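Let me begin by presenting the structure, written as structure tokens, before commenting on it.
Rule-based calculations on the coordinates, nothing more; no lab input. Treat the numbers as computed from the prediction; the structure is a model and nothing was measured. Here the Cβ positions follow ideal geometry from the backbone for every residue, glycine too, while neighbour counts run over all protein chains shown.
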Amino acid sequence: MIGQLVFKGMKKLNRIQSIVFETAYNTNENLLICAPTGAGKTNIAMLTVLHEIRQNMQPGGVIRKDQFKIVYVAPMKALAAEMTNYFSKRLEPLGIAVKELTGDMQLTKGEILRTQEMSPWSNAPPGLRNPFSKTYGTFTRGVSVNA
Ligand SMILES: Nc1ncnc2c1ncn2[C@@H]1O[C@H](COP(=O)(O)OP(=O)(O)OP(=O)(O)O)[C@@H](O)[C@H]1O
Ligand SMILES: [Mg+2]
């Protein structure tokens, strides 16, 4: 189970995570989560990330990395760096590449093609701010915003 690899060290989902689990992990529904700081919202975002990854997984467990991109938008530059670090560490066992993309940073086309998850800073210049812009190619499907 990919969840066990990614949530290593965590025994179980907490109460709010359990309530939204079905929708976050098993459907393409939009979610708006309002919960206090420290409530575990980041791992709810992670559940939606895992849902997208699973949708691109072949029966043998092979992930079709060329088939999808996940964009995680952070409201502050420091947060984009922190989130890139977190998702990168957690998703490493799956071989998923996570990159930070901010207004003062350029990823080459090759780097974008080799990346499955990006954490752009939402104050980036307009061309980079829109996760559906050409910069990301046509693979962008899952978008998660954490404010
Ligand atoms: N199911 C869980 N079991 C154990 N620890 C957890 C679980 N879910 C989250 N945590 C831990 O709880 C802490 C707070 O979680 P998190 O940072 O995701 O909260 P948040 O809701 O995103 O808060 P903020 O609003 O500050 O961003 C983190 O250290 C995280 O690793
Ligand atoms: Mg958070």
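Could you check the simple spin-label distance between E111 and M10, using points 7 Å along Cα→Cβ, in nm with one decimal?
Placing both labels 7 Å beyond Cα along the Cβ direction yields 2.8 nm.
Measure off 7 Å from each Cα along the Cα-to-Cβ vector at E92 and R54, then give the distance between these two points in nanometres to one decimal.
2.5
N28 to A81: FRET efficiency via 1/(1 + (r/R0)^6), r the Cβ-Cβ distance, R0 22 Å, to the nearest 0.05?
Result of the calculation: an efficiency of 0.15.
Between their Cα atoms, which of K12/K41; K8/K69; K11/K69; K89/K109; K65/K109; K12/K77 are more than 26 Å away from each other? Intermediate results must be reported in sequence, preceding the final value.
Working: K12/K41 14 Å; K8/K69 23 Å; K11/K69 28 Å; K89/K109 23 Å; K65/K109 15 Å; K12/K77 30 Å.
The pairs that break the limit, which is 26 Å between Cα atoms, are K11/K69; K12/K77.
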